[in-house]
Amino acid sequence: MSLSASPAPSPMPSSCESAPAISPEVFRLLQFARDLAAVGQTRQCRAIYQWASRKDPTGTARNEYGCFLCSIEDYDAAIAEFRTLLSQAWERRSEDAWSAVCHNLAVVSRAVGDVEAARSFQQQAIRAAAGRDEEPESVACDLAGRACDAILAGDYELAEQLLYRSLLLETLAGRLEGQAADWGNLGVLYRLIGQKESAERCFRRAYRLHRRLGDNRGAGLDLMHLGLLAAESGAIGRAIARLRASVRRLRRAGADRLAEEARGFLTTLLDDRCRFRLDPSRN
């Protein structure tokens, strides 16, 4: 049985910098939007994020809105928001903001399969971060981004080194989101090179962290990979259970493309099991 998910390795977009102070009103709006996103109220969530973005001159709300759009796979809209932030960073001559937005544009470019644009944006992010006192979060973002480009280029040894360096920084800083992304990308890496036990261990770690964070998209993607690993090892019942849970979480997160991918794998497994049971030679 051959089932293979498109890895599309990448951390999710993030601020990758110390966010400027926002007003109490914007803070409350962002928290409301996060609560709506957590229960799958996508349309209402968009409206609240747009409202917050209009009221926030710092760009923090717009950046978070772009991250949300990426999580629900509305990549064109996410790119538009990040490009607006890129123009604002240029006008302010803010290397911190420029680096953060270039990192996020690299993430979205990988998601849509534009490898060259992703590499270009990631290099711009790294250059903007050079020559200044970098925050560990910014360094970790750059390391993770470079690792994803290395995976896509087939340089797995370099990718592994970069991901573990990023994971160390994220762990020392106590940032669960970054740790979850790094463990997930390590799982992708090990699955690509055929180290299935290591991949399983990494995806399990990522899944536990994504569940703790309430990140349905991340947890659903981890479950998809865990389901495929189970299928490859012949544990079809476990694979089906994991893929069903993956579809539920991804639907809840509004990640419809990924949910359809997981549902396709699930359908294949169910059909194969049914054909196996009906095969007269098994009687």
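The values are calculated or read from the model by the stated rules, or taken from the named source; none is laboratory data. All values derive from a computational prediction rather than experimental measurement. Cβ sites come from the backbone with ideal geometry, for glycine too, and all protein chains shown count toward neighbours. Accessible surface is based on the protein model in full, side chains and every heavy atom, while ligands, DNA and RNA are left aside. Shrake-Rupley method; radii C 1.70, N 1.55, O 1.52, S 1.80 Å.
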Flag if Ala253 is in contact with a Gly (Cβ under 8 Å, 6 or more places away or on another chain), small (Gly, Ala, Ser), open to solvent by less than 50 Å² (accessible area, probe 1.4 Å) and over 22 Å from Cys148 (Cα atoms): yes
With the structure loaded, tell me whether Asp96 is over 16 Å from the mean Cα position of the chain (by Cα), in contact (Cβ under 8 Å) with a residue 40 or more places away in the chain and open to solvent by 60 Å² or more (accessible area, probe 1.4 Å) or whether it fails that test. yes
Which listed residue is touching a residue at least 24 places away in the same chain (Cβ under 8 Å), in a helix (DSSP H, G or I) and not acidic (Asp, Glu), from Gly218, Gly237: Gly218
Sort through Arg127, Arg132, Arg93 and tell me the only one that's on the phi > 0 side of the Ramachandran plot and either touching a helix residue (DSSP H, G or I) at 6+ places or on another chain (Cβ under 9 Å) or at pLDDT below 90 (or both). Arg93
Quickly run through region 38-71 and pick out the residues that are within 19 Å of Ala259 (Cβ to Cβ), assigned to a helix (DSSP H, G or I) and touching a Lys or Arg at 6+ places or on another chain (Cβ under 6 Å). Ser71
Within region 21-49, the residues that are within 13 Å of Cys67 (Cα to Cα) and open to solvent by 50 Å² or more (accessible area, probe 1.4 Å) are Arg34, Arg46
If you check every pair at least six apart or on different chains, which have Cβ atoms under 7 Å apart with a residue in region 244-273 that is more than 14 Å from Gly227 (Cα to Cα) first and a residue that is open to solvent by 50 Å² or more (accessible area, probe 1.4 Å) and at pLDDT below 90 second? Asp272/Met1
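Looking at Arg110, Arg119, Arg83 in this structure, which one is touching a helix residue (DSSP H, G or I) at 6+ places or on another chain (Cβ under 6 Å), modelled with pLDDT of 90 or more, open to solvent by 50 Å² or more (accessible area, probe 1.4 Å) and part of a helix (DSSP H, G or I)? Spell out how you get there, then give the answer.
Values: Arg110 fails: open to solvent by 50 Å² or more (accessible area, probe 1.4 Å); Arg83 fails: touching a helix residue (DSSP H, G or I) at 6+ places or on another chain (Cβ under 6 Å).
Going through Arg110, Arg119, Arg83 in turn, the sole match is Arg119.
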If Ala140 meets every condition in (1) open to solvent by 10 Å² or more (accessible area, probe 1.4 Å); (2) at pLDDT below 90 apart from one, which number is that one? (1)
Filter result (open to solvent by 50 Å² or more (accessible area, probe 1.4 Å) and either among the aromatic types (Phe, Trp, Tyr) or part of a helix (DSSP H, G or I) (or both)) within region 174-203: Glu177, Leu192, Lys196, Glu197, Arg201
